[in-house]
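Comments concern the structure below.
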Amino acid sequence: MLSDVIESLRKDKKFMSAVSHWEVLPAREGCYVDFPEEIDSRIMASLRKKGIERLFSHQFQTYRKVREGKNVVVVTPTASGKTLAYNLPVLQTLLEEPDARAMYLFPTKALSQDQQSELNEILLEGEVPVRIFTYDGDTPRSIRISVREEGRVVITNPDMLHTGILPNHPKWIKFFKSLKYVVIDEIHSYRGVFGSHLTNLIRRLKRISKFYGLNPQFICCSATIGNPLELAQSIIEEPALLIDDNGSPCGERHFILYNPPLVDPVQGIRRGVVKESQRLAARLLKQGVKTIVFARSRVRTELIASYIRDSLKNMFTENCRINVASYRGGYLPGERRSIEKGLRCGEIQGVVSTNALELGIDIGGLDASVLAGFPGSIASSWQQAGRAGRRNRISLSILMASASPIDQYIIRHPEYFFSQSPESGWVDPDNIFILTDQLKCAAFELPFGEDEPFIPGGSVKELLDYLEENGVVRHTGGKWFWSDRSYPAEKVSLRSSAPGNIVIVNTTRGKNNVIGEMDKPSAKLLLYDEALYLHRGDQYIVKKLDLENQHCYVEETNVNYYTDSIVKTDIKLLEQDSREKQMGMEIVIGDILVRTQTSKYKKLKFGTHENVGYGEIDLAPEEMHTRSVILLFSPATRAEASFLNLKEEERPVVIQRLGTLIKNVAPVFLLCDSRDIGVSERIKDTHFDCPSIYIYDTYPGGTGLSEGFLQNSQAIIQGAFELVSGCSCARGCPSCIGPTERAAGAVSFNARQSVLQFLSRWKT
Amino acid sequence: MKPLRPMRSLHRHLGYLDETVQEKKSSKTSLQNLAFLHSEGWSRVGEYTFHRKIVLDNPLNRYTVTEELNPDGCPLSDVLFFDTETTGLSAGAGNLIFLLGFARIKGNTLECEQLFLSDYPGENEFLILVQQRLNEAGLFVSYNGKSFDSHILRMRFILNGMHCDLEHQNDLLYWARRFWRRHLKDCSLANIEREILGIHRTLDIPGVEVPVIYFEYLRTGREGRLPFVFAHNLQDIISLVKLFALLDQILKEEKIPEKTDMAALGSYLMSKNDPRGAEILEESFAGGDKKSGIILGLFYKRAGKWYEAVRLWKDMAVSGSVLDQPGSSPSYYEPLYACIELAKYYEHRRKDPGEALFWVHKILSGNIPCITDSTDLSKRKQRLEGKLKRRFKSDNN
């Protein structure tokens, strides 16, 4: 059926005129192996019931290696049976050894819950005697004791391990005394600062395990990234075996790069991604193609879904019996489960989602995926595209470009997109800020011995002495003891945004129902008073956002517009620690305040997106106190001379491109992720009175990245120069200085040349 | 591996997260300095552990206590009262017990003991001494021990590769909550002492200061304010015994403090099938406590004693239109409650929709503010009107 649709697309001249590239990735045969003889008959029975008769080769290999006692890293695409690959050896061992236990670590709560239902299926809803529990913030107090005492598989997330489990390890004595396997799924999401924290968390976990006499074995799973083995090994700090030859079959995949047609060829304005993806998705759905659309924001997700539903409404026969759901974070767990189930069993044919469905939540196979805008990374693009494609069946993925320069670059340079290897992930667990914070947590859990190897091949003595100077540990009798009344894990956040969600309450006509939730920073952008809140196609108007009590009261409404807030971010220097001349510029390091304020909102009409009104927002700005390094092209420096040498019109472009360049290069040297640093450029800084580039930590309080930048500034600038001079692009691309907008009022000069010219004059 | 050189900014980073850091300036104390306590009565019983015993009059001048307080009937001399002082408030592994107070009844005297851990490395020997005492006990009595002290104790034992058994614990906090939560703003031991036991501490230190004092002592090697902590702990133990004695008197109805929630006491006794429960509730209702009336009414209703129940409800339905106490939950709004009960009674028991409707109207007329969801009420009204109409028709036929 899909092949007919693809054929009709090929013949559709209008469609084809917007296609910039059509890649056909050939089908691949599956590679099957029989189940190992020893598999417990109860597991076999339930797998047969699910229609699984044989294993894929990678599942078999994972099974063998895990059973041999090796740490493994499994890297195979979405829907290749990755979870069965690790569940099989774990469950088999747990059935053979009635005392053995396992911990599953997932980056988010939603994924843990999904995993629990999948495991329960294999365990025949309790007939196979292995007790599975999810342990997270939502676990009721009343069952927490049973989790600790009886849980054979405990599914949790890093935050809960960090604040709940490890600091209370004596309560978990039974669990730790028999912890055999630690499964870390979606390990690619632990990059940068988050990953550095996780690495230390694993150090703490191993330390506790050792205290109870065990060394657990690690099973890691990753989506396709540039360096999965390297990342996993640096997180578990042990050798591991890479299993990446996918044995699952895969049908022929059609990957189309699509640029929405021009509506105003003179100004270069194209059709919007929202409408265009709706049009395409509706077309596919009407022809019976199960489709997923990935949108880049929550509001867009809701918009596209309701537009698709509207366009199907025009047809007779009960919307062609097509159900389209929207899916994103912030829905109630029950709602999400029912959408996932609806997708699996075929009741829902179309879904529009944020990247929430990019990770391994089981939604069964879909036929087509439409990416409404480039998701921001090559790895994400492949993950999202991979949501389409059932075993042995043909699939279709369409990447639709928005007007942003990156999207437009990719659409014009398909070779860049298809040859670029997915992004790599780095961690720096010995980052002194992260390490010190984590060391406090570790000291709280167990006293430190004199030569305890917390860091492989290194010593933390010096840092412990430092902590003693500050009075939080006490060195006595050859050990360092925690000697503070606080609970350190509570004050150390693994993620940049603090937990704590705003609960959305529907108060229409005296109702008092919780309909969803949202994190606080997003709530300030989306749930201000009078905002229109879209939830699964229903409209609500925000009556009151009560940040203090973490509630947002909404009422049902029916209007013809939605709202969009206007965000302003400004940076204020709070305190300057040092200012020094280096490499022909001045470098300042200090504390800054990053302030994000939503002060106005627009009302936009559904369908046309035309502006039909404004409103004021009265909310305190979201403030983050963090660390920053500031590059100054101050008077009488080489940087200034080189900058002034540029033509007036080049200057704003060059400084902005330098910012992009630094954001691309710095993570490699700082071993962080690009989301961990913020970059802001000024053509004339009001405080310093010269051109400046701010590079700052996006974790509140800073994590040492600014200090790291200062130490490595020479290498970073050199790296930036080499990157831009060696890049194979002509006028700038997403990998170097960012692509050039060619539309409206194209610049008369080559940005890449200008940046290069600036850099080389500055360096000499 | 990069050199680990703490930086100024790191210091700031830590200070940013933990404001308490700055005020502490560590100066190392050697172990010798710590191995000495000057305050009264202490003697060394281990490398790091100190002990003292204080003998007082026995506030519990009786040989048995009620079964409620001592379900297994263990001899009073085997009851171990205990209280811990810790370096933190969390239940995590980094929270150390450095002082344990015990009390036991020995004939006419109360024998109090305290064990003090003078530095971290002595925890093992400290816990061995603690364990000896725990092993001799038949019943543990604590205040908030079920959710705090015994958790920490268990945790400390595990961390030292040992085991302790704290089953058979009577946590007096639960009793205090039952009897005094209604009339006291909080049920902390300090507040119970003040309001119920009539004990007025002088020179006491607040509980949150305890860890600070211990850390201060560890840093400086001087006793400093430690004697206050010892005294605080001792007083806690003594109060615990006094509270135990008072609870025994209350349950035996020998003495009932003024601020006791009689409704709770009556209700408790009734749950134990003690006939005194109903008497207490009747008396307290007669004295104006509506909550007692509600509990009693429910009891009569369940027991099928309709006459008594209706008497109570009618009494409540007409008396008072002010809330029993501000902030109490709406279900305790007794006129409303009583009217609904009466309406149910007349509708279902007496099959008298007219009378039932009278009580519904009494609410809807606005004399009684309706604070609960009124949909149930209007449904009831409709149903009753329907019944009345049908009856009227059949009467006419």
Expected output for the stretch B:146-171 (first residue facing chain A (nearest Cβ under 10 Å), partner among the hydroxyl-bearing types (Ser, Thr, Tyr) and outside any helix (DSSP H, G or I), Cβ below 9 Å, 6+ apart or cross-chain) is B:ILE152/B:THR84; B:ILE152/B:THR86
Can A:GLU238 be described as at pLDDT 90 or above, in contact with a Pro (Cβ under 8 Å, 6 or more places away or on another chain), surrounded by fewer than 23 Cβ atoms within 10 Å (Cβ to Cβ) and not aliphatic (A, V, I, L, M)? no
Looking at the stretch A:173-194, is at least one residue surrounded by fewer than 21 Cβ atoms within 10 Å (Cβ to Cβ), under 26 Å from A:PHE669 (Cα atoms) and within 14 Å of chain B (Cβ to nearest Cβ)? no
With respect to the numbered conditions (1) surrounded by fewer than 13 Cβ atoms within 10 Å (Cβ to Cβ); (2) under 32 Å from the mean Cα position of the chain (by Cα), which one is the sole condition not fulfilled by A:GLU38? (2)
Out of the residues in the stretch B:196-248 that are within 16 Å of B:PHE116 (Cα to Cα) and polar (S, T, N, Q), state the one that is surrounded by the most Cβ atoms within 10 Å (Cβ to Cβ). B:ASN233
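Name the helices (runs of 4 or more DSSP H) wholly inside the stretch A:671-764 in which the number of residues that are of a type in the set (Phe, Trp, Tyr) is 2 or more. Talk me through it step by step, then tell me what you get.
On the way: elements: A:705-711, A:713-726, A:751-763.
In the stretch A:671-764, A:751-763 are the helices (runs of 4 or more DSSP H) which contain 2 or more residues that are of a type in the set (Phe, Trp, Tyr).
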All conditions in (1) at pLDDT below 90; (2) under 30 Å from A:ASN512 (Cβ atoms); (3) in a strand (DSSP E or B) are true of A:LYS568 except (2)
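Going by the structure shown, is A:LYS603 at pLDDT 90 or above, outside the structural domain of A:GLY701 (by TED's automatic domain parsing), assigned to a strand (DSSP E or B) and loosely packed, with under 15 Cβ neighbours inside 10 Å?
Working: at pLDDT 90 or above: yes; outside the structural domain of A:GLY701 (by TED's automatic domain parsing): yes; assigned to a strand (DSSP E or B): yes; loosely packed, with under 15 Cβ neighbours inside 10 Å: no.
Spelling it out, it is not the case that A:LYS603 is at pLDDT 90 or above, outside the structural domain of A:GLY701 (by TED's automatic domain parsing), assigned to a strand (DSSP E or B) and loosely packed, with under 15 Cβ neighbours inside 10 Å.
Considering only the stretch A:389-397, I want to know if a residue exists there that is part of a loop (DSSP other than H, G, I, E, B), at pLDDT 90 or above, in contact with a helix residue (DSSP H, G or I) (Cβ under 8 Å, 6 or more places away or on another chain) and more than 14 Å from chain B (Cβ to nearest Cβ).
In the first step, residues of the stretch A:389-397 are kept if they are part of a loop (DSSP other than H, G, I, E, B); the result is A:389-394.
Within this subset, residues satisfying the condition of being at pLDDT 90 or above are A:394.
From what's left, in contact with a helix residue (DSSP H, G or I) (Cβ under 8 Å, 6 or more places away or on another chain): A:394.
Filter once more, keeping what is more than 14 Å from chain B (Cβ to nearest Cβ): A:394.
Yes, the stretch A:389-397 contains at least one residue that is part of a loop (DSSP other than H, G, I, E, B), at pLDDT 90 or above, in contact with a helix residue (DSSP H, G or I) (Cβ under 8 Å, 6 or more places away or on another chain) and more than 14 Å from chain B (Cβ to nearest Cβ).
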Set A:CYS672, A:CYS729: member being buried (at least 22 other Cβ atoms within 10 Å of the Cβ) and not aromatic (Phe, Trp, Tyr): A:CYS672
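This table checks each residue for (1) within 30 Å of A:HIS188 (Cα to Cα); (2) basic (Lys, Arg); (3) out of contact with any Cys (no Cβ under 8 Å at 6 or more places or on another chain).
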{"site": "A:LEU604", "(1), (2), (3)": "no, no, yes"}
{"site": "A:ILE617", "(1), (2), (3)": "no, no, yes"}
{"site": "A:SER628", "(1), (2), (3)": "yes, no, yes"}
{"site": "A:PRO635", "(1), (2), (3)": "no, no, no"}
{"site": "A:ARG638", "(1), (2), (3)": "no, yes, yes"}
{"site": "A:PRO667", "(1), (2), (3)": "yes, no, yes"}
{"site": "A:GLY678", "(1), (2), (3)": "yes, no, yes"}
Identify, please: which residue in the stretch B:82-100 is out of contact with any Ser or Thr (no Cβ under 8 Å at 6 or more places or on another chain) and outside any loop (DSSP other than H, G, I, E, B) and is, among those, nearest to the other protein chains (Cβ to nearest Cβ)? B:THR86
Is it the case that some residue within the stretch A:252-271 is farther than 23 Å from A:SER297 by Cα, among the basic types (Lys, Arg) and outside any helix (DSSP H, G or I)? yes
Would you check if there is a residue in the stretch A:552-574 being farther than 24 Å from A:LEU303 by Cα, within 14 Å of chain B (Cβ to nearest Cβ) and not acidic (Asp, Glu)? yes
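Criterion first (at pLDDT 90 or above and either touching a Pro at 6+ places or on another chain (Cβ under 6 Å) or more than 18 Å from A:PHE606 (Cβ to Cβ) (or both)) does A:ILE515 satisfy it?
Numbers: at pLDDT 90 or above: yes; either touching a Pro at 6+ places or on another chain (Cβ under 6 Å) or more than 18 Å from A:PHE606 (Cβ to Cβ) (or both): yes.
Yes: the conditions hold for A:ILE515.
Per-residue answers, yes or no, for (1) out of contact with any Ser or Thr (no Cβ under 7 Å at 6 or more places or on another chain); (2) touching a residue at least 40 places away in the same chain (Cβ under 8 Å); (3) buried (at least 23 other Cβ atoms within 10 Å of the Cβ):
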residue: A:ASN355; (1), (2), (3): no, yes, no
residue: A:ALA385; (1), (2), (3): no, yes, yes
residue: A:ARG393; (1), (2), (3): yes, yes, no
residue: A:LEU396; (1), (2), (3): yes, yes, yes
residue: A:ALA401; (1), (2), (3): yes, yes, yes
residue: A:GLN408; (1), (2), (3): yes, yes, no
residue: A:THR436; (1), (2), (3): yes, no, yes
residue: A:GLY449; (1), (2), (3): yes, no, no
residue: A:GLY457; (1), (2), (3): yes, no, no
Sort through A:LEU646, A:LEU593, A:LEU661, A:LEU631 and tell me the only one that's assigned to a strand (DSSP E or B), closer than 28 Å to A:ARG731 by Cα and either at pLDDT 90 or above or out of contact with any Phe, Trp or Tyr (no Cβ under 7 Å at 6 or more places or on another chain) (or both). A:LEU631
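Could you name every one of the helices (runs of 4 or more DSSP H) located completely within the stretch A:413-506 that has at least 3 residues being under 24 Å from A:THR703 (Cβ atoms) and facing another protein chain (nearest Cβ under 10 Å)? Show your work before the answer.
Values: elements: A:414-419, A:432-445, A:461-469, A:488-491.
Fully inside the stretch A:413-506 and qualifying: A:432-445, A:461-469, A:488-491.
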If we take the stretch B:289-391, then helices (runs of 4 or more DSSP H) inside it with 1 or more residues that are modelled with pLDDT of 75 or more and over 28 Å from B:ARG182 (Cα atoms) are B:306-318, B:334-344, B:353-362
For the stretch A:541-548, does any single residue satisfy the condition of being buried (at least 22 other Cβ atoms within 10 Å of the Cβ) and either under 30 Å from A:SER311 (Cβ atoms) or within 14 Å of another protein chain (Cβ to nearest Cβ) (or both)? no
A:THR76 passes all but one of the listed conditions (1) touching a His at 6+ places or on another chain (Cβ under 6 Å); (2) of a type outside the set (A, V, I, L, M); (3) closer than 15 Å to A:ILE122 by Cα; the exception is number (3)
I'd like the full set of residues that are within 20 Å of A:PRO249 (Cα to Cα) and surrounded by 13 or more Cβ atoms within 10 Å (Cβ to Cβ), limited to the stretch A:4-35. A:GLU23, A:LEU25, A:ALA27, A:ARG28, A:GLY30, A:CYS31, A:TYR32, A:VAL33, A:PHE35
Given the condition of a type outside the set (Asp, Glu), within 14 Å of chain B (Cβ to nearest Cβ) and free of Cβ contacts under 8 Å to residues at least 24 places away in the same chain, answer yes or no: does some residue in the stretch A:159-166 qualify? no
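To keep it simple, each residue is scored yes or no on (1) at negative phi; (2) without any contact (Cβ under 8 Å) to a residue 12 or more places away in the chain; (3) of a type in the set (Asp, Glu); (4) not assigned by TED's automatic domain parsing to the domain that holds A:LEU526.
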| position | (1), (2), (3), (4) |
| --- | --- |
| A:ASP564 | yes, no, yes, yes |
| A:LYS568 | yes, no, no, yes |
| A:MET583 | no, no, no, yes |
| A:GLY607 | no, no, no, yes |
| A:GLU610 | yes, yes, yes, yes |
| A:ALA636 | no, yes, no, yes |
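The values are calculated or read from the model by the stated rules, or taken from the named source; none is laboratory data. Since the structure is predicted, the reported quantities are computational estimates derived from the model, not experimental observations. Here Cβ is always computed from backbone atoms with ideal geometry, including for glycine, and neighbour counts include all displayed protein chains.
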